[in-house]
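Take a look at the structure below.
The values are calculated or read from the model by the stated rules, or taken from the named source; none is laboratory data. What you see is a predicted model; the values in this text were computed from it and never measured. In this analysis, Cβ positions are derived from the backbone assuming ideal geometry, glycine residues included, and neighbour counts consider all displayed protein chains.
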Amino acid sequence: MSPDNPGRPEMARERARSERRDLDKERGEPLAGARGGKRPLRRMGKPLDAWTTRPRILVTNDDGIESHGIVALKRALEALGEVIVVAPDSNQSAVGHQKTLSRPLRVRERTMPDGSTGYAIDGSPTDAVSLGLLGFFDEKFDLVASGINYGANLGDDLTYSGTVSAAMEAIINSTPAFAISQEYSEEVDFTLAGIAAAIVARNILEHGLRRGELLNVNVPAVSVEECGGIEVTRLGRRVYQDQLIGRVDPRGLPYYWIGGPPPSGIALPGTDFDAIVNRRVSVTPVHLDLTGRRLLRELPKWDWALEASPKQPTPEDSEALRPTPLERERFAEETKLERR
Ligand code: MN
């Protein structure tokens, strides 16, 4: 890849336009630059009273099926539809979008505190959603709700969050989804979060989401009376204070913890951090297209010629780089797994 002719701005502009059109086409969005005509909307939502059957809602989380948050979320959404709980059997916080491909998954039926049946899986939140959407149940789902996570998922947290990853997995499987998390506090009360969850779920069922879109909801740890309302926000920036703590075990061998004080964040107006700091519920629209827009424009100006490689490998290097028979076998095995 090399720039055709960076000196001619009209060519660069046309290239940018056609790139944007290609991206829009991939996303199923109305084409950039296309004039007139109706926008082809891909909507699954409709007013609640227009639903001929009760919406089916899959509830999951990353704190595990025994957490209080998942029970609160189930209870909150039951007025809107039929709720089925599928969740990890243990706490899977901060596993991110982990997907289990190298071992079998077991599902156990669990009696939930309200007497209903839930499904506990010995895998990640992503596995729970996959199980639910890929045919474990006979019927499909209209919505996936993930949470209520104990602890906020703001800004850069999304890259670690099992709660948000579960919603991402739903989106990848063409099912609308939201993630909901509550700010950490000593005394946990999910009343406000339950109300917020029902409002968000109703809105998604009524308006629908387009491909690649999910909502990330964060709830301040305050009472309904103290809450200043719901605010649509953008992602803010986390400030992590991680420290590597090295110690020595009883056998004299070193080990390490990633520790340090809890992270803070930058509460610029309009961000999810600012909403939570000011006791408002934050609703952030998130898109799975992680393309870096600035670099997409910038990278073609870099040097991509193969012959510009700083050091060409010598024949001896190439020999050393060739995989051993064992490595080749392992690679073939992994590729097989990925193709599943
Ligand atoms: Mn969690």
Only one of (1) over 20 Å from the mean Cα position of the chain (by Cα); (2) among the small types (Gly, Ala, Ser); (3) in a strand (DSSP E or B) fails for GLY228. Which number is that?
(3)
Among the numbered conditions (1) in contact with a strand residue (DSSP E or B) (Cβ under 7 Å, 6 or more places away or on another chain); (2) surrounded by 24 or more Cβ atoms within 10 Å (Cβ to Cβ), tell me where LEU158 comes up short.
(2)
Taking the conditions exactly as written (hydroxyl-bearing (Ser, Thr, Tyr) and touching a helix residue (DSSP H, G or I) at 6+ places or on another chain (Cβ under 9 Å)), does THR191 satisfy them or not?
yes
Considering region 81-101, residues that are away from the ligand (no atom under 11 Å from the Cβ), surrounded by fewer than 23 Cβ atoms within 10 Å (Cβ to Cβ) and among the aliphatic types (A, V, I, L, M), and then whichever is farthest from ASN203 (Cα to Cα), we arrive at LEU101
Select from region 161-175 the residues that are more than 16 Å from the ligand (Cβ to nearest atom) and crowded, with 24+ Cβ neighbours inside 10 Å and list them in ascending order.
ALA170
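State whether one or more residues within region 55-63 are of a type in the set (A, V, I, L, M, F, W, C), within 16 Å of the ligand (Cβ to nearest atom), out of contact with any Pro (no Cβ under 9 Å at 6 or more places or on another chain) and modelled with pLDDT of 95 or more.
yes
Per-residue answers, yes or no, for (1) at pLDDT 90 or above; (2) exposed (fewer than 10 other Cβ atoms within 10 Å of the Cβ):
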{"position": "PRO254", "(1), (2)": "yes, yes"}
{"position": "ASN278", "(1), (2)": "yes, no"}
{"position": "THR284", "(1), (2)": "yes, no"}
{"position": "ASP289", "(1), (2)": "yes, no"}
{"position": "ALA308", "(1), (2)": "no, yes"}
{"position": "PRO313", "(1), (2)": "no, no"}
{"position": "PHE331", "(1), (2)": "no, no"}
Lone unmet requirement of (1) surrounded by 21 or more Cβ atoms within 10 Å (Cβ to Cβ); (2) more than 16 Å from the ligand (Cβ to nearest atom); (3) over 18 Å from ALA72 (Cβ atoms) for ALA196:
(3)
Restricting attention to region 127-186, report how many residues are among the acidic types (Asp, Glu) and under 25 Å from SER102 (Cα atoms).
2
So if I check each of GLU19, GLU82, which one is at pLDDT 95 or above and not small (Gly, Ala, Ser)?
GLU82
Among the residues of region 121-144, which ones are within 16 Å of the ligand (Cβ to nearest atom) and touching a Lys or Arg at 6+ places or on another chain (Cβ under 9 Å)?
ILE121, GLY123, SER124, THR126, ASP127
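Listed here are the residues, each with its yes/no results for (1) surrounded by fewer than 23 Cβ atoms within 10 Å (Cβ to Cβ); (2) modelled with pLDDT under 95.
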{"position": "ASP114", "(1), (2)": "yes, yes"}
{"position": "LEU131", "(1), (2)": "yes, no"}
{"position": "VAL144", "(1), (2)": "no, no"}
{"position": "ALA177", "(1), (2)": "no, no"}
{"position": "GLU187", "(1), (2)": "yes, yes"}
